[in-house]
Amino acid sequence: MFTTTKRHPMSYTQLSASERNQVYELRTTTALSMRAIARQLGRDQSTVSRELARNRNEEGYYLPDSAQQKMQVRRQQSKTAFSCVSEICVFEIKQRLKQYHSPEQIAGRLKREGRAQISHETIYQMIYADHEGLKSYQKYLRQGRGKRRRRGGCNSKRGKILGRIGIEHRPSIADAKTEIGHWESDTMIGGNHHGVIVTHVDKSSKFLVAGLGKNKTSFEINKVTIELFAQIPETQLKTMTFDNGKEFSRHAELSKELGLLCYFANPYHSWE
């Protein structure tokens with residue numbers, strides 16, 4: 001008779017050796033579904049599904065002993081590769097991924113805040129290697145895929161927004177933060193990629209305007225932004241700075257409608 005063990009939501013999702021034995025017995029001696037097996041173990045269904053998918057032997061069978069050995073090898077390799085990354089840093093990365101921050105943004109922000117010196121490439125590698133359970137946070141990556149799309153390919157349009165003017169051309173007074181009217185813009189994707197929050201923050205006063213959009217298309221982002229700034233005086237509309245997301249590709253229309261100048265952060269430096 002198997003007992004159900006409840007786990008805290010923040011607990012590590014790696015199965016124990018005894019749980020692997022239970023999975024094997026339930027799979028071979030009962031007709032229980034994956035969901036039912038997960039419920040017996042007090043685990044999330046995705047945890048059991050991932051366990052069965054990644055720990056089969058060469059013949060395609062799941063055996064608890066070989067599954068345990070594979071896990072130990074991966075864990076040892078993971079610890080060796082990322083031994084310099086502290087637990088606190090991993091916790092920060094998890095929290096920020098859940099807010100749909102990209103590894104580039106996370107690395108930049110952690111460095112800027114003096115919390116950690118870590119590259120965005122290391123964060124990607126930790127996710128792919130499932131270091132400290134980071135594999136399950138892959139769903140929060142903006143591309144939502146197992147591997148990143150290669151940059152620089154002939155079909156890549158990232159960083160090639162028409163009429164883009166780099167942040168290095170933005171008036172220096174914007175960085176001085178001595179006058180109101182220089183805005184920094186961003187978007188936050190809702191849960192399960194439903195809806196988007198459009199945010200604009202004035203660099204000097206830190207005044208925030210934000211609105212909810214139906215999707216992340218450039219048409220919708222412009223529509224929400226124009227509505228948000230309808231009540232803002234023209235004297236407080238000088239510049240607006242974006243990252244290089246495609247949702248800001250219609251910046252020229254936005255510039256004309258609001259009467260301000262638009263600039264873009266350097267590619268892959270969205271923390272700017």
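Charged neighbours of Gln45, selected by a Cβ distance under 13 Å, balance to +2 (K, R count +1; D, E count -1). Note on the range 87-140: the C-alpha convex hull projects to 3.1 nm² when averaged across all orientations. Considering every alpha-carbon pair of the range 186-272, the percent of pairs per 10 Å bin, from zero through the bin containing the longest distance, is 17, 54, 28, 2.
Given a Förster radius of 22 Å and the C-beta distance between Ser119 and Asn266 as r, what FRET efficiency does 1/(1 + (r/R0)^6) yield to the nearest 0.05?
Once rounded, the FRET efficiency stands at 0.85.
Only aspartates and glutamates eight or more places from Lys246 in sequence, or on another chain, were considered; those with a Cα closer than 14 Å are Asp186, Glu220. May I ask for log10 I(q)/I(0) of the range 165-206 at q = 0.25, 0.34 Å⁻¹, from a Debye sum over the Cα atoms as equal point scatterers with solvent left out? Log-scaled intensity ratios, in q order: -0.83, -1.12. Dividing the mean sequence gap of close Cα pairs (under 8 Å, 6+ apart) by how many residues the range 167-264 holds gives a relative contact order of 27 percent. Expressed to the nearest 5 percent, the antiparallel share of DSSP beta bridges inside the range 194-272 is 60 percent. Scaled against the 2.2 N^0.38 Å expected of a compact globular protein of N residues, the Cα radius of gyration of the range 17-78 reads 1.09. Cross-linked pairs Lys94/Lys139; Lys160/Lys256; Lys94/Lys206; Lys111/Lys160: Cα-Cα separations exceed 22 Å for Lys94/Lys206; Lys111/Lys160.
Rule-based calculations on the coordinates, nothing more; no lab input. Note that the structure is predicted; figures quoted are calculated from it, not measured. Reconstructed Cβ throughout: ideal geometry from the backbone, glycine too, with neighbour counts over all protein chains shown.
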